[in-house]
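Data block below; observations after.
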Amino acid sequence: MSLVIKYGGNAMTDPATRAAVAAGVRELAREVPPVLVHGGGPHIAAALDARGIEHRFVRGLRVTTDEAMEVVEAVLTVLGKELASEIGMAAGLTGRDANLLTARRLGDELGRVGTVATVNATVLAVLRAAGLIPVVASVALEAGGEGASATSLNVNADEVAGAIAGVLGEGALFLTNVPGVLEDANDPRSLLSELPGSEARARIADGRISGGMIPKVESALFALGQGAPFAVIADGRHPDGVARALSGSGTRLLPD
């Protein structure tokens, strides 16, 4: 099964969970190499603090000044190389590589933050055909830039995963801090194994999906809207949760 995996949060900071992700991705690659998309929020925050650079969020997105963007890009580039090394037959990439990702700015208030404009699927196809797993950092080139003058933009990793899944026509797996969408938010046994997109939107509208679950479901809905055949929200907090997620657990959202 072809799959685009969005990876971040505790799954990236806990050594045992990180090892489980690497092992699971290698196992998936026995059939078709997945595409792994990563952010790096905790790593970026620590690096910005170390440099004394103030950082804040607006509408859930990190305001990114020119000075902050240098740090963001450096952190995500190195992190991607580290993740690729841990996985093995993998290549760490950013949007700078062969114009893999381009983006348009979201507005002056956010600085160098963008929304995906294009995905160069050929780059991913060539790597996968060679048996390599693309490990993609959520940095894109500003659309319209050329050569050395091209400007990099910070892009939400969930959006990058959804955009890539849509272009490839493959499922998207979002490793999160919840087991999936629950019928009863207080009962982890009430996991919904499948959820049509229209039902997910209805649950957001009437409050059955609320709080921090909303952006997770909206990320999955975005992937469906881009053309992904399905999107899964699954547990990425600890090694056994990752193993289950990569084996098919979680909530699978489907197009209407």
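Structure data summary
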item	result
Qualifying position, being closer than 19 Å to H38 by Cα and either touching a strand residue (DSSP E or B) at 6+ places or on another chain (Cβ under 7 Å) or in contact (Cβ under 8 Å) with a residue 24 or more places away in the chain (or both), among A200, A165	A165
Filter result for P215 (more than 16 Å from L93 (Cα to Cα), assigned to a helix (DSSP H, G or I) and not small (G, A, S))	yes
Single condition E170 does not satisfy, out of (1) in contact with a Leu (Cβ under 8 Å, 6 or more places away or on another chain); (2) over 27 Å from P215 (Cβ atoms); (3) acidic (D, E)	(2)
Subset of segment 106-161 that is of a type in the set (D, E, K, R) and at pLDDT 90 or above - its residue that is farthest from G95 (Cα to Cα)	E109
Odd one out for M1, checked against (1) modelled with pLDDT of 90 or more; (2) under 14 Å from A172 (Cα atoms)	(1)
Every residue from segment 168-217 that is among the charged types (D, E, K, R) and touching a Lys or Arg at 6+ places or on another chain (Cβ under 7 Å)	E194
Positions within segment 25-34 being closer than 12 Å to L3 by Cα and either in contact (Cβ under 8 Å) with a residue 40 or more places away in the chain or aromatic (F, W, Y) (or both), in sequence order	V25, L28, A29, V32, P33, P34
Which numbered condition E27 misses (of (1) within 26 Å of P215 (Cβ to Cβ); (2) among the acidic types (D, E); (3) within 20 Å of the chain's Cα centre (by Cα))	(1)
Those strands (runs of 3 or more DSSP E) lying entirely in segment 87-202 with at least 3 residues surrounded by fewer than 19 Cβ atoms within 10 Å (Cβ to Cβ)	113-119
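The values are calculated or read from the model by the stated rules, or taken from the named source; none is laboratory data. Because the structure is a prediction, the values reported are computed rather than measured. Quick reminder, even Gly has a Cβ in these numbers, built from the backbone with ideal geometry, and neighbours come from all protein chains shown.
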